[in-house]
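Below is one structure, written out as structure tokens, with a few remarks after it.
The values are calculated or read from the model by the stated rules, or taken from the named source; none is laboratory data. Everything numeric in this text was worked out from a predicted model, so none of it was measured. Virtual Cβ from ideal backbone geometry, glycine too; neighbours counted across all protein chains shown.
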Amino acid sequence: MEKTSANIFGNCLIILLLCITCRTSAQDADINILKDINLNRNKSLDNGMATLTNSVYPISAALPISELVAGYARHDKQLITRGWTTVAAVGTNFIVTFGLKYGVDRPRPYITYPELQPYKHNRDASFPSGHTSFSFNTATSLTILFPKWYVAVPAYAWAASVGYSRMYLGMHYPTDVLAGAIVGTGTAILADKGNKWLQHHRKKNAHIEH
């Protein structure tokens, strides 16, 4: 399942690089796709999409908290380590996501295209989608913890649905969502790799000392 997460990350990165390479046509496609999703939406789904998009931060916080609480309650060192790794994944994702937001400083689509019908009017930057990055970060961390298809499929389905909801609600361009998926998946994989590296060197040092 770690390979699945890496494949998702790689495929998203390739698509984003292609979009950047074909910049002019990609920008046209970006707004055209967004308008098609946002302006032609089924408004009876608005509340459901808003609920979906608002589920991200509570779920993203609940995963590391539940891992740590369960780990310390059971005196399970592996689960405790996994919990702190998830905390590192969330923290790294936060830094990268908001670093890009303020570095790129892309205006929200409804500011540039006032005909869009946004869920609400945020004034922060658009690129990348924070909700999408946190949902994919959580899905990847959960899949690494439980490397089973029946965990990965619903986890990534939820994350992808969150990404779609951000376009449905007029809050982000498709490339914002794609970049969010890349950042979220990548930072979770990076945190896991970092944890494995630390564990390897701790065991190596302990072996040398003995």
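Scanning the range 92-128 for residues that are closer than 25 Å to THR185 by Cα and assigned to a loop (DSSP other than H, G, I, E, B) yields ASP105, ARG106, PRO107, ARG108, ASN122, ASP124, ALA125, SER126, PHE127, PRO128.
Which one of ALA155, ALA160 is closer than 23 Å to LYS43 by Cα and either hydrophobic (A, V, I, L, M, F, W, C) or modelled with pLDDT under 95 (or both)? Explain how you work it out, then say what you get.
Values: ALA155 fails: closer than 23 Å to LYS43 by Cα.
Checking each option against the conditions leaves just ALA160.
Within the range 148-157, is even one residue without any contact (Cβ under 8 Å) to a residue 12 or more places away in the chain and either touching a strand residue (DSSP E or B) at 6+ places or on another chain (Cβ under 7 Å) or among the aromatic types (Phe, Trp, Tyr) (or both)? Yes; the residues of the range 148-157 include at least one that is without any contact (Cβ under 8 Å) to a residue 12 or more places away in the chain and either touching a strand residue (DSSP E or B) at 6+ places or on another chain (Cβ under 7 Å) or among the aromatic types (Phe, Trp, Tyr) (or both).
Taking the criterion of being under 30 Å from ASN195 (Cβ atoms), surrounded by 15 or more Cβ atoms within 10 Å (Cβ to Cβ) and not basic (Lys, Arg), would at least one residue in the range 98-114 satisfy it?
Let us first name the residues in the range 98-114 that are under 30 Å from ASN195 (Cβ atoms), namely 98-104.
Among the residues that remain, those that are also surrounded by 15 or more Cβ atoms within 10 Å (Cβ to Cβ) are: 98, 100-101.
Cutting the leftovers down to not basic (Lys, Arg) gives us 98, 100.
Yes, there is a match, as at least one residue in the range 98-114 is under 30 Å from ASN195 (Cβ atoms), surrounded by 15 or more Cβ atoms within 10 Å (Cβ to Cβ) and not basic (Lys, Arg).
Let's see how each residue does on (1) surrounded by 15 or more Cβ atoms within 10 Å (Cβ to Cβ); (2) at pLDDT 95 or above; (3) touching a Pro at 6+ places or on another chain (Cβ under 6 Å); (4) within 19 Å of LEU142 (Cβ to Cβ):
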{"residue": "MET1", "(1), (2), (3), (4)": "yes, no, yes, yes"}
{"residue": "LEU16", "(1), (2), (3), (4)": "yes, no, no, no"}
{"residue": "CYS19", "(1), (2), (3), (4)": "yes, no, no, no"}
{"residue": "ALA26", "(1), (2), (3), (4)": "yes, no, no, no"}
{"residue": "LEU45", "(1), (2), (3), (4)": "no, yes, no, no"}
{"residue": "SER55", "(1), (2), (3), (4)": "yes, yes, no, yes"}
{"residue": "PRO58", "(1), (2), (3), (4)": "no, yes, no, yes"}
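Being in a helix (DSSP H, G or I), of a type in the set (A, V, I, L, M), crowded, with 17+ Cβ neighbours inside 10 Å and modelled with pLDDT under 95 is a property that holds for LEU79.
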